[in-house]
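Report on the structure given below.
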Amino acid sequence: MTMQIADTVSLSSPEAKARARAAAARNNLRTEPQAVRIAIIALAIVFLSVFVVLPLVLVFAQAFSRGLLAYAAALAEPEALAAIKLTLVVAAISVSVNLIFGLVAAWAIAKFEFTGKTFLITLIDLPFSVSPVISGLVFVLLFGAQGYFGGWLRDHDIQILFAVPGIALATTFVTFPFVARALIPLMQEQGTQEEEAAISLGASGLQTFFRVTLPNIKWGVLYGVLLCNARAMGEFGAVSVVSGHIRGETNTMPLLVEILYDEYQFVAAFAIASLLAMLALITLIAKTILERRLEDGEESRDH
Amino acid sequence: MTIEVKNLVKKFGNFAALDGVDLKVDSGELLALLGPSGSGKTTLLRIVAGLDWPDAGEVVINGEDALAQGARERHVGFVFQHYALFRHMSVFENVAFGLRVQPRAIRKDQVAIRARVKELLDLVQLDWLADRYPSQLSGGQRQRIALARALAIEPRILLLDEPFGALDAKVRKELRKWLRSLHHEINVTSIFVTHDQEEALEVANRVVVMDKGRIEQIGSPDDVYETPASAFVHGFIGESIELPVQVEGGVVRLGDRPLRLAAEGLAPGASRLFVRRHDMLIGPPGSGAFEGAVQHVRNFGPVQRAEVALSGGQTIEIDAPRDRELRAGDTIGLEPRRYRIFAG
């Protein structure tokens, strides 16, 4: 009890008041007034709700608007199944090709010195800076009936445009920076010393790669593959140009969504769209986990 | 195992990292490559290891042409300045690495590998860390593990690149002693690179002093300290007083003042006089070759260090025993007990 009284007394003393004012001033220096804080946070929440959460909710709401059965039926349509299968096949091809390309490019850039290295790095970024439609058109110019290789391809009865190879090529082109981009800074930071140590201990090139290099970059590889896959499955522009929109044959999921929507088949369109939205959510979660892994790796290196 | 290097040249662009280096290392030696950064010592070590290739010259290890072999075939243990431990492997697996990647025909079985790794961890006195990861070790522990890993393959020669360069002073001193006794125990031909003269003089049997891609002097620690072969070596090893002098007609001059120093056999012209700080004997004014006024005096453990303004205008630092009374403002005579004069 005596303690409490003492406290009240000391609080009312001029010295204590001055101290309280000083503390308040410090708080003011550190943060904005409460009203401003609330306004800023509210703005962010409203913005995110309108532009991110609401569309996501709407996609699922529309997909299930006629009930679970209609949703399941829309996904079981042969056209839908064909689109899902094609999307998976194209993603599998472009991700594997880009995985190999990305590893080789990142290895070359991070571990060797050669002329034209800066140019190569710039070149890797090209697909990010070119509109996907242009990327698609490039393949039309190359392999189309009037294109450079068009005649030769026709003579040999090889179909690239308006078929799986064309879609896979366009998707691969659009997505090739992801793996390389994820690995180059990681491998540059790690340097070549561990590889040199492995070789001086008698390891062969392959042993060095699989036992030393790959384990060091595995989270970076997964990160690159994840982003590459998300983009490969969701790519619209480039694929739209080269696909030819042959129903049940060359429509990927994003293309099919557009077609179904144009035909007022909203449930079917949003059912497919909901699959893509789920892919996005899974990608986001996996990305967060991987980023944490990558940061942990960096911390353990700093000791 | 002997190592012989003949007329080695290595250029990076226009910069000559090695500019004609000849060196012979005897079996069982512990040799230090000493020099400032950019002197080419690390490049020389990496070429011997097979991690770099020379533009010209020869490397012969135990009579075999090493340049015909890759780093893998040379059977050389290499210890890196920043350890280069495999960060995703435990200490045990790091040490076992060299044994696990051997060709199947000569690879040891699990039990033998386990025994060998344990033996090596005992040797570096870190057997209790076998299950840890490199990020959980201190710098000194990491470097000892790196050494154990290099020794696992029973290397013909051991190369260490600034092995203690990334460690703090106290750990560095401990590891120096430890490395010397370890070398005594395993007696493998070893070369280590350092820019720390104290380290080179304390650890090595023989010291190679390098500068600008060339070898300046090869000799025992006593040789390079007592009889430096060049102005660079004198200036680089030990703390020296350096004064610009003129040699003319058998007389050594500092500015316009003749010094009472012997000048036989010296080429006439601009030269540099080197004296160790502790080799300047203090006497009454007029007693020595130099005369000067004490500016200030500081104590450094067993010695006192005085800044002296010479009558010619130059300021030098000398070390004197603590019992010799010196005060700022004193005028003293200085006589170099030992000195060397190099042309140029």
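The values are calculated or read from the model by the stated rules, or taken from the named source; none is laboratory data. Not measured: the values here are computed from a predicted model. Quick reminder, even Gly has a Cβ in these numbers, built from the backbone with ideal geometry, and neighbours come from all protein chains shown.
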Just name the residue that is modelled with the highest pLDDT out of those in the stretch B:304-344 that are polar (S, T, N, Q) and closer than 22 Å to B:GLN246 by Cα. B:THR315
Could you tell me whether the stretch B:228-241 includes any residue that is surrounded by 13 or more Cβ atoms within 10 Å (Cβ to Cβ), free of Cβ contacts under 8 Å to residues at least 24 places away in the same chain and either in the same structural domain as B:VAL207 (by TED's automatic domain parsing) or within 20 Å of B:THR194 (Cα to Cα) (or both)? yes
Tell me whether the stretch A:255-265 contains one or more residues that are buried (at least 21 other Cβ atoms within 10 Å of the Cβ) and in contact (Cβ under 8 Å) with a residue 24 or more places away in the chain. yes
Farther than 14 Å from A:LEU201 by Cα, out of contact with any helix residue (DSSP H, G or I) (no Cβ under 7 Å at 6 or more places or on another chain) and surrounded by 15 or more Cβ atoms within 10 Å (Cβ to Cβ), is that true of B:LEU30? no
Is it the case that some residue within the stretch A:194-208 is more than 14 Å from chain B (Cβ to nearest Cβ) and of a type outside the set (D, E, K, R)? no
Are any of the residues in the stretch B:104-115 outside any loop (DSSP other than H, G, I, E, B), within 14 Å of chain A (Cβ to nearest Cβ) and touching a residue at least 24 places away in the same chain (Cβ under 8 Å)? no
Examine the stretch A:179-187 for a residue that is buried (at least 17 other Cβ atoms within 10 Å of the Cβ), within 14 Å of chain B (Cβ to nearest Cβ), assigned to a helix (DSSP H, G or I) and not charged (D, E, K, R), and state whether such a residue exists. yes
Just give me the residues in the stretch B:298-344 being of a type in the set (Gly, Ala, Ser) and surrounded by 12 or more Cβ atoms within 10 Å (Cβ to Cβ), in sequence order. B:ALA306, B:ALA309, B:SER311, B:GLY312, B:ALA320, B:GLY333, B:ALA343
Count of the stretch B:298-308 residues which are farther than 30 Å from B:ALA262 by Cβ, assigned to a strand (DSSP E or B) and of a type outside the set (D, E, K, R): 2
So B:ALA96 ticks every box in (1) at pLDDT 95 or above; (2) surrounded by fewer than 15 Cβ atoms within 10 Å (Cβ to Cβ) but one. Which box is left unticked? (2)
Can you spot a residue in the stretch B:153-176 that is outside any strand (DSSP E or B), more than 14 Å from every other protein chain (Cβ to nearest Cβ) and touching a Ser or Thr at 6+ places or on another chain (Cβ under 9 Å)? yes
Just to check your reading of the model, which residue among B:ASP52, B:ASP65 is surrounded by fewer than 21 Cβ atoms within 10 Å (Cβ to Cβ) and either within 14 Å of chain A (Cβ to nearest Cβ) or modelled with pLDDT of 95 or more (or both)? B:ASP52
Could you give me the residue pairs with C-beta distances under 8 Å whose first residue belongs to the stretch A:234-250 and is farther than 27 Å from A:ILE282 by Cα, whose second residue is surrounded by fewer than 18 Cβ atoms within 10 Å (Cβ to Cβ) and charged (D, E, K, R) wherever it lies, and which are 6+ apart or on separate chains? A:ARG247/A:GLU79
Could you please find all residues in the stretch B:284-300 being more than 19 Å from B:ARG337 (Cβ to Cβ) and either at pLDDT below 85 or outside the structural domain of B:LEU273 (by TED's automatic domain parsing) (or both)? B:PHE300
Restricting the stretch B:68-92 to residues that are surrounded by fewer than 17 Cβ atoms within 10 Å (Cβ to Cβ) and free of Cβ contacts under 8 Å to residues at least 40 places away in the same chain, the one farthest from the other protein chains (Cβ to nearest Cβ) turns out to be B:ALA68
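Yes or no: the stretch B:57-78 includes at least one residue that is aromatic (Phe, Trp, Tyr), within 21 Å of B:LEU151 (Cα to Cα), in the same structural domain as B:ILE186 (by TED's automatic domain parsing) and not in a loop (DSSP other than H, G, I, E, B).
Within the stretch B:57-78, one or more residues are aromatic (Phe, Trp, Tyr), within 21 Å of B:LEU151 (Cα to Cα), in the same structural domain as B:ILE186 (by TED's automatic domain parsing) and not in a loop (DSSP other than H, G, I, E, B).
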